[in-house]
Every structure is written in C-alpha cells, then in structure tokens.
Amino acid sequence: MKLIDNVSADDLSQSIVNPVFEPFQNTVIPVAQPYLPDRKRLDAYIDGIYQRRWLTNNGPLVQLLTERLQAFLGVRNLLLVSNGTLALQIAYRALNIHLPVDGKPAEAVTTPFSFAATSSTLVWEGIKPVYADIDPASWCLNPEHITQQITPQTRAIVPVHVFGNICEVEEIAAVAEEHDLKVIYDGAHAFGVGYKGGSALSWGDATTLSFHATKIFHCIEGGAIVFKNPEDLERARHLINFGITGPDVVEAVGINAKMNEFSAAMGLSLLDEYMINIEGREKIWQRYYRELSDQVIRQKRMADISHNYAYYPVVFEDTAQMLVIQKKLLEINISSRRYFYPSLDTLAFFNASEPKIASRDVASRILCLPVFYGLPDNIVSKIIDIVNGK
Ligand SMILES: *Cc1c(COP(=O)(O)O)cnc(C)c1O
C-alpha cells in the first residue's frame with residue numbers, strides 16, 4: 001500500500017478527482033477481518049439517511065437498531081453509544097462508581113486478563129483498578145479472589161466475559177450483594193451469548209458491548225450498554241449527550257458518546273446477515289475444536305452457555321513453544337495474536353500490584369488463531385497442522 005507521504009496538493013486533488021486504488025495486497029492473513037454486508041442492503045439504509053438528512057442525535061436508524069438489538073439479544077434497557085470504551089465509562093458514571101469514598105478514590109475489583117480498555121476506563125474516571133486473579137481454566141475472574149480484594153473504598157466489581165465465556169455470574173452477584181457493590185460486566189466478547197436459556201448480557205447492574213470493526217457484530221465503531229434498571233438508562237442517555245436533559249437545560253457533567261446514523265446503518269445491515277456471518281465462523285471454530293491436538297490447552301467453558309464463535313484462543317506449554325508456533329505461522333503469512341498480553345497487573349500506570357499468577361501465566365502462553373467469515377478452508381488446515389506441530 002502506498003501511504004500518502006510527500007504528495008503535493010496537485011497530486012492530492014488529482015487523486016480526489018480520479019482516485020487510484022492500488023489493490024489492497026492483503027498478503028498476511030489477519031486474526032480478525034471485519035464482516036461487510038451486501039452493498040445494496042447497506043445502500044438502502046444510507047439512501048434513507050440522504051433523504052432525511054438526520055445524521056446523528058438519536059436518529060431513526062439508531063432507534064431502529066436499538067429495538068432490533070433488544071429483540072435479537074433478548075434484553076431490555078439497551079443504550080447505543082459511539083464505542084465500547086465510552087460504554088464502560090458511561091456505565092461507571094451512570095452508576096456513580098466514580099465518586100470518591102470518604103475523600104479517597106473509589107476502587108473497582110477487576111481482572112488483569114483483559115483488553116487494556118477494561119482498566120484504562122477505570123483510571124480515566126478516577127477509579128482505582130484493584131486486580132483479583134482469574135480462574136486458570138475459565139480465564140474469568142475467580143469470585144473468591146474478588147472477595148479478598150474488597151476494601152472500604154470498593155464500589156464495584158468489573159469482570160469480563162473473556163472470549164465469550166461467561167463469568168460465574170451467580171457467585172459474583174452474591175459477593176456484590178453481601179458487600180453492597182455494583183457489578184458492571186465488560187461484555188465486549190459476549191455478543192449474542194446465552195446463559196441458562198436467557199441472555200448472558202442481563203446479569204449485573206450493567207453490561208457493556210463493543211461494536212468495533214473487529215468484533216463479531218460491528219457498527220464500524222460503536223458500542224452499547226445494557227442496564228438492569230431503566231432509571232440508570234435514563235441517566236446514561238443524558239450523559240452521552242453533554243448532560244443535556246431538555247431545551248436549555250444542562251443537568252450534569254456529560255460527554256459526547258452518541259452513535260451516528262451511518263454506524264447504525266452498518267449495524268442494521270449486519271444484523272440482517274448475522275446468521276451467514278456466524279455460520280461461516282462456526283465451521284472454522286468447529287474444525288479447530290475437533291482437529292487440534294489435545295496437547296494445546298483450550299478455555300474451559302461455563303456450563304449452560306451458547307457460543308458466539310468470536311475467538312479461538314489456545315494455550316501452549318510455555319512461552320517458548322507459543323513463540324515458535326507464532327513464528328511458523330508468520331512464515332507462511334498467517335498472523336496470530338498474543339491476546340491478552342500483557343497481563344494488566346504488570347502495568348505501573350494502571351495499578352501494578354502483587355502478581356496475579358494465573359493471569360500472568362495464561363497471558364504468557366496464549367495465542368488467538370484466525371477466525372472470520374471467509375477464511376479459506378485450506379488456510380485453516382495449514383494452521384491446524386502447524387499448531388499440531390506437523
Ligand atoms: C474491544 C474491547 C473493548 C473496547 O471496545 P471499543 O469499541 O474498541 O472501544 C473493551 N473491552 C474488551 C474486552 C474488548 O475486547
């Protein structure tokens with residue numbers, strides 16, 4: 001790909017009039033590739049945007065996507081926002097987690113085995129992340145370890161449904177109840193996952209979702225918060241729009257976290273094609289599941305949950321072996337990602353604490369393999385051979 005570097009204004013105007021697209025040389029197979037909907041379908045939604053000229057501020061497509069997602073996911077009180085990071089920040093604010101306790105910063109017990117945003121959003125809101133360790137098999141927070149980290153400053157528990165595996169939600173609810181804490185799940189990986197016949201997203205006081213391009217369901221950029229209580233949803237609705245509650249009324253410190261109509265158009269188009277996307281992923285997922293050797297360790301999935309086939313993580317015997325496999329894959333132009341690495345409890349700017357052993361251990365040996373709609377079968381075969389040490 002040619003980067004726009006050392007181009008004159010003349011070159012630029014030329015390229016605007018007559019854009020020269022070099023075919024995108026996607027020589028390396030990525031770990032995730034965004035699903036793109038049929039152009040005609042997307043265009044039909046966009047035609048409506050052009051007719052209405054309503055581009056943002058809770059437009060009709062955002063309203064329609066809200067309704068359709070609630071029905072599809074089987075949840076209530078869903079608020080669309082501009083990304084999954086702001087979804088977390090708004091959720092903390094709506095539930096007043098950010099307020100100091102006795103003049104000291106509030107604390108939230110969270111997991112070190114996650115994407116950086118789970119912790120960075122806490123720090124950004126002035127909340128101190130306090131790490132509890134994960135279960136070494138499920139890779140989700142261990143409820144007993146949560147209890148050990150609770151102090152008088154603790155206001156919330158922020159667990160993550162890691163790779164779409166659901167946390168021990170009943171145990172976490174019991175801990176929260178006993179200590180009078182709020183629970184905010186980072187559900188960025190758990191889109192569409194069911195638990196015991198209901199939605200896994202209905203647990204906790206709030207669950208956040210990310211609709212970033214690389215996630216199974218996306219809006220290019222986007223996210224959502226599913227609240228337990230409608231009053232929290234109403235507070236959040238104002239927070240994402242500068243704290244404005246009516247004409248000439250600003251009631252609280254807000255921010256801009258609104259979803260726009262073009263993002264909603266993408267989301268609606270993808271929702272129409274969701275089953276095509278998922279069936280394509282499931283085929284690949286099932287091949288890894290059946291054909292990878294028992295030597296590689298898989299995530300122990302919670303009972304009674306459904307899959308969304310979003311990720312295929314594998315854990316190797318040690319870091320050295322994992323790095324060898326990653327290198328061999330790259331030699332034939334297949335990428336894999338050390339996801340999640342590093343363990344967040346190693347980062348001083350979050351809250352490096354005493355080592356969380358299980359999190360650091362899994363993080364040091366884990367690799368996510370490519371899973372996406374359209375990944376060719378012969379590539380999947382090559383990945384399986386290399387991971388199996390052939
Ligand atoms: C993707 C992701 C986020 C952040 O979502 P964005 O939409 O990219 O801001 C947060 N937490 C987890 C676990 C994620 O995977």
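Rule-based calculations on the coordinates, nothing more; no lab input. Values in this document were obtained by computation on a predicted structure and should not be read as measured data. Heads up, the Cβs are rebuilt from the backbone with ideal geometry, glycines too, and the neighbour counts pull from every protein chain shown.
Within region 275-350, report the chymotrypsin sites (Phe, Trp or Tyr not before Pro) that DSSP leaves as loop and that have at most 14 other Cβ atoms within 10 Å.
Those that pass, being in a loop and sparsely packed, are 349.
I need the calculated FRET efficiency for the pair residue 335 and residue 291, taking r as the beta carbon distance and R₀ as 22 Å, to the nearest 0.05.
Computed FRET efficiency for residue 335 and residue 291: 0.65.
How high is the FRET efficiency from residue 283 to residue 27, r the C-beta distance, R0 25 Å, rounded to 0.05?
0.55
At what distance in nm do the modelled label points of residue 298 and residue 242 sit from each other, each positioned 7 Å from its Cα along Cα→Cβ?
The modelled label-to-label distance comes out at 5.1 nm.
Going by average Cβ neighbours within 10 Å, how do the peptides 88-101, 366-379 rank, with the highest at the top?
Highest to lowest by the protection proxy: 88-101, 366-379.
With springs connecting C-alpha atoms under 10 Å apart, model the chain as a Gaussian network and identify which of 128, 283, 182 has the largest mean-square fluctuation.
In the Gaussian network model the winner is 283.
Non-local amide H neighbours of residue 154 (under 5 Å, H modeled in plane, Pro and chain starts lacking H): which ones?
Counting only residues 5 or more places away or on other chains, the set is 107.
State the extension gain, in nm to one decimal, for the chain segment bounded by residue 220 and residue 144, taking 0.36 nm per residue of separation less the distance between their alpha-carbons.
Value of the extension gain: 23.6 nm.
Please report the net charge: other residues with Cβ closer than 14 Å to the Cβ of residue 85, K and R +1, D and E -1.
Surrounding charge for residue 85 is -1.
Return, in residue-number order, each cysteine of the chain whose C-beta is not under 4.7 Å from any other cysteine's C-beta.
Isolated Cys, the chain: 219, 368.
What lysines sit close enough to residue 128 to cross-link, taking a C-alpha to C-alpha distance under 16 Å and skipping anything fewer than 8 places away on the same chain?
The reachable lysines, counting only those whose Cα sits under 16 Å from residue 128, are 104, 182.
Which value in deg cm²/dmol, rounded to the nearest 500, describes the helix-derived mean residue ellipticity at 222 nm for the chain, given -39,500 (n - 2.57) per DSSP H run of n ≥ 4 and division by the residue count?
-11500 deg cm²/dmol
Quote to one decimal, in nm, the extra length available between residue 179 and residue 76 on full extension: 0.36 nm per residue of separation minus the C-alpha distance between them.
Length gained between residue 179 and residue 76: 34.5 nm.
With +1 on each Lys and Arg Cβ and -1 on each Asp and Glu Cβ, how big is the dipole of the chain about its Cα centre, in debye rounded to the nearest 20?
Roughly 680 debye for the chain.
Classify region 126-167 as rounded, prolate or oblate from the Cα gyration tensor: take a ≥ b ≥ c as the square roots of its eigenvalues, call it rounded if a/c is under 1.5, otherwise prolate when a/b beats b/c and oblate if not.
In terms of gyration-tensor shape, prolate.
What's the local net charge at residue 216, with K and R +1, D and E -1, over the other residues with C-beta under 13 Å away?
With Lys, Arg at +1 and Asp, Glu at -1, the net is -1.
Need the list of lysines near residue 382 for cross-linking: C-alpha distance under 16 angstrom, and skip anything on the same chain fewer than eight residues off.
283, 327, 328, 390
Work from the charge dipole of the chain (Cβ charges, +1 for Lys and Arg, -1 for Asp and Glu, about the Cα centre) and give the residue of 257, 137, 369 farthest towards its positive end.
Projecting each Cα onto the dipole axis, the largest value belongs to 369.
At q = 0.10, 0.15 Å⁻¹, what is the base-10 log of I(q)/I(0) for region 111-261 according to the Debye formula with one equal point scatterer per Cα and no solvent? Please give it to two decimals.
With one equal scatterer per Cα and no solvent, log10 I(q)/I(0) is -0.37, -0.84.
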